[in-house]
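Notes for the one structure printed next.
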Amino acid sequence: MIAGGILFVAILVSSGTLFATNLFLRAHAQSYTGTSGTLAISPSILPNGTEGASYSETLSVVSTATTTSGPFSWSVINGSLPSGLALDTATTGTSTMISGTPDSLGTFTFTVNVTNGSVAATQTYIMNIDPGETAAATTSAPTSTAPTSTASLVAEIEAIAAQIQTLEAELASNAPSAPGASVTGTTTAFYRNLTIGDSGPDVEALQQYLNRSGFPVAAKGPGSAGNETQYFGPLTQTALASWQAAHGISPAAGYFGPETRAKIAATAAAPFIPAPSSSAQ
């Protein structure tokens, strides 16, 4: 204490808010009237911003002083606002604005101060600037693939099957003649084993036999009735395996061996006579 009635000032800081109390003492027969109160800044938390998107938030003075009044001075005293945003420091009223369009990503920490010369308040903010929708879609959106319909799958399978049949026909037309079928007049007798990859007139005769016996090699195109080829491919193997299973030959694997040849000779009602080939194969 200073003698003679000199002014005492006590300053207390609590929870980030400056609380000032002025004590005036009566001296020399003069009186001093004082006021007390606190200031705060609202809101205490600011929403995050988005890069490239307009941003605007209001800051306001909250006071408990009975006679606290402006003009007020607003400023950023620590840190910095996100690039593209600014605090309106020209205003002297009880509220101001943080506004603009943020143009960079990141986390920003800054402290805003407001004072009327007698009391003051500060508020620290942490603000994130997030990517815009276009940037997020460009960097993180997964690539989607439209589901394939059943009809399109069936069409693709049929197209592949047609290509296989065409290739079989081309291979057969280019394959050299191979022994295996003895032709005497119009009667064909099989005397060699046949499997995948073989070719020759006996293959064509076998396809004709299977087609006429109710075990068609193909429904249409190469291998079908009237379009038999001289190439033993997967279609011929499948048709022969079905014939073997129906006639008790095991294993029914589509291999044209002695047991199958003997079975054909035993079950044929008459010597098999192949139809004339429409192409030189």
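The values are calculated or read from the model by the stated rules, or taken from the named source; none is laboratory data. Worth saying up front: this structure is predicted, and the values here are computed from it rather than measured. Don't worry about glycine lacking a Cβ; one is built from the backbone with ideal geometry, like all the others, and counts go over all protein chains shown.
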Within the range 87-124, residues among the small types (Gly, Ala, Ser), surrounded by fewer than 16 Cβ atoms within 10 Å (Cβ to Cβ) and at pLDDT 95 or above come out as 99
Which number in (1) free of Cβ contacts under 8 Å to residues at least 12 places away in the same chain; (2) under 16 Å from residue 41 (Cβ atoms) marks the one condition that residue 90 misses? (2)
Going by the structure shown, is residue 281 more than 20 Å from residue 160 (Cβ to Cβ) and either at pLDDT below 90 or touching an Asp or Glu at 6+ places or on another chain (Cβ under 7 Å) (or both)? yes
What are the pairs with Cβ atoms under 7 angstrom where one residue, in the range 202-228, is in the same structural domain as residue 239 (by TED's automatic domain parsing) and touching a residue at least 40 places away in the same chain (Cβ under 8 Å) and the other, located anywhere, is part of a loop (DSSP other than H, G, I, E, B) and surrounded by 24 or more Cβ atoms within 10 Å (Cβ to Cβ)? Sequence gap at least six, or different chains. 204/228; 204/229; 204/230; 208/228; 222/229; 223/217; 223/229
Looking across the range 51-80 at residues that are surrounded by 18 or more Cβ atoms within 10 Å (Cβ to Cβ) and in contact with a Phe, Trp or Tyr (Cβ under 9 Å, 6 or more places away or on another chain), the single one that is nearest to residue 121 (Cα to Cα) is 61
Taking the criterion of being in a loop (DSSP other than H, G, I, E, B), among the hydroxyl-bearing types (Ser, Thr, Tyr) and either without any contact (Cβ under 8 Å) to a residue 24 or more places away in the chain or farther than 16 Å from residue 42 by Cα (or both), would at least one residue in the range 105-115 satisfy it? no
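If we only count helices (runs of 4 or more DSSP H) wholly inside the range 142-253, which ones have 3 or more residues that are hydroxyl-bearing (Ser, Thr, Tyr) and modelled with pLDDT of 90 or more? Show your work before the answer.
Working: elements: 150-174, 201-212, 234-246.
In the range 142-253, the matching helices (runs of 4 or more DSSP H) lie at 234-246.
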